[in-house]
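The values are calculated or read from the model by the stated rules, or taken from the named source; none is laboratory data. Values in this document were obtained by computation on a predicted structure and should not be read as measured data. Cβ placement follows ideal geometry from the backbone for every residue including glycine, while neighbour counts extend to all protein chains displayed.
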Amino acid sequence: MSKEIKTSVKIKANAARVWQVLSNFKSYPEWNPFIKKIEGDIKVGQTFKTFIQPPGNKGMSFQPTVLVYDAQKEFKWIGHLWFKGLFDGEHRFLIEANEDGSTTLHQSEKFSGLLVPLFKKMLDRDTLEGFRLMNDKLKEIAEQVPS
């Protein structure tokens with residue numbers, strides 16, 4: 001069983017600025033309403049620690065593996081609940097520079113595994129809302145003039 005969630009937001013800032021906000025993981029606890037923490041060595045093939053808390057949920061800690069980390073373009077990881085094949089999530093941030101100088105941030109996740117049907121309602125409601133809240137807050141910060 002599989003499921004995919006996709007969101008996008010257009011940001012009135014260039015890709016470098018959007019990446020600056022997205023990749024400043026130390027600041028996540030201050031502003032991010034969905035991904036509360038990312039810690040560790042963010043390099044392809046490495047694992048890191050993260051804590052994600054969709055609205056209305058306790059949240060969960062896990063240690064995903066970085067699949068892609070391409071500055072100003074893409075950040076993608078894969079995480080597993082307990083073991084591979086039970087409930088897996090491939091999370092992706094894709095930064096698309098637009099001709100008008102703005103940027104579109106695409107945030108998506110492909111879920112697969114035996115437990116996907118069990119979590120379907122939560123994914124459609126809470127996780128999707130978490131993506132939207134994070135996108136909106138990132139947009140707000142990126143559109144501010146950096147000090």
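Residue by residue through the stretch 82-106, note down the ones that are over 17 Å from SER8 (Cα atoms), more than 12 Å from the chain's Cα centre (by Cα) and crowded, with 16+ Cβ neighbours inside 10 Å.
Once the filter is applied, which keeps residues that are over 17 Å from SER8 (Cα atoms), more than 12 Å from the chain's Cα centre (by Cα) and crowded, with 16+ Cβ neighbours inside 10 Å, the stretch 82-106 yields PHE87, ASP88.
All but one of (1) in contact with a Leu (Cβ under 9 Å, 6 or more places away or on another chain); (2) surrounded by 16 or more Cβ atoms within 10 Å (Cβ to Cβ) hold for GLU129; which doesn't?
(1)
List the pairs whose first member sits in the stretch 73-96 and is charged (D, E, K, R), whose second member is modelled with pLDDT under 90 and assigned to a loop (DSSP other than H, G, I, E, B), and whose Cβ atoms are under 8 Å apart, counting only residues at least 6 apart or on separate chains?
ASP88/LEU81
Within the stretch 14-21, is even one residue charged (D, E, K, R), surrounded by 13 or more Cβ atoms within 10 Å (Cβ to Cβ), within 22 Å of LYS137 (Cα to Cα) and in contact with a Phe, Trp or Tyr (Cβ under 8 Å, 6 or more places away or on another chain)?
No; the residues of the stretch 14-21 include none that is charged (D, E, K, R), surrounded by 13 or more Cβ atoms within 10 Å (Cβ to Cβ), within 22 Å of LYS137 (Cα to Cα) and in contact with a Phe, Trp or Tyr (Cβ under 8 Å, 6 or more places away or on another chain).
Which residues, counting only those in the stretch 106-125, are of a type in the set (D, E, K, R) and not in a strand (DSSP E or B)?
LYS120, LYS121, ASP124, ARG125
Of all residues in the stretch 56-67, which are outside any strand (DSSP E or B), surrounded by fewer than 18 Cβ atoms within 10 Å (Cβ to Cβ) and modelled with pLDDT of 95 or more?
Hit for the stretch 56-67 is GLN63, nothing else.
Can you tell me which of LYS26, LYS43 is loosely packed, with under 13 Cβ neighbours inside 10 Å, of a type in the set (Lys, Arg), touching a residue at least 24 places away in the same chain (Cβ under 8 Å) and not in a strand (DSSP E or B)?
Every option except LYS43 fails the conditions.
For the stretch 98-135, enumerate the residues that are touching a strand residue (DSSP E or B) at 6+ places or on another chain (Cβ under 7 Å) and of a type in the set (D, E, K, R).
GLU109, LYS110, LYS120, ARG132, listed by residue number.
Yes or no, residue by residue, for (1) assigned to a loop (DSSP other than H, G, I, E, B); (2) farther than 20 Å from MET122 by Cβ; (3) of a type in the set (S, T, N, Q):
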site: PRO33; (1), (2), (3): yes, no, no
site: THR50; (1), (2), (3): no, no, yes
site: PRO54; (1), (2), (3): yes, no, no
site: TYR69; (1), (2), (3): no, yes, no
site: GLN72; (1), (2), (3): yes, yes, yes
site: LYS84; (1), (2), (3): yes, yes, no
site: GLU90; (1), (2), (3): no, no, no
site: ILE95; (1), (2), (3): no, yes, no
site: THR104; (1), (2), (3): no, yes, yes
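Take the residues in the stretch 46-55 that are at pLDDT 95 or above and either surrounded by fewer than 18 Cβ atoms within 10 Å (Cβ to Cβ) or within 23 Å of THR104 (Cα to Cα) (or both), then tell me which one is nearest to the chain's Cα centre (by Cα).
Filtering first and then ranking leaves ILE52.
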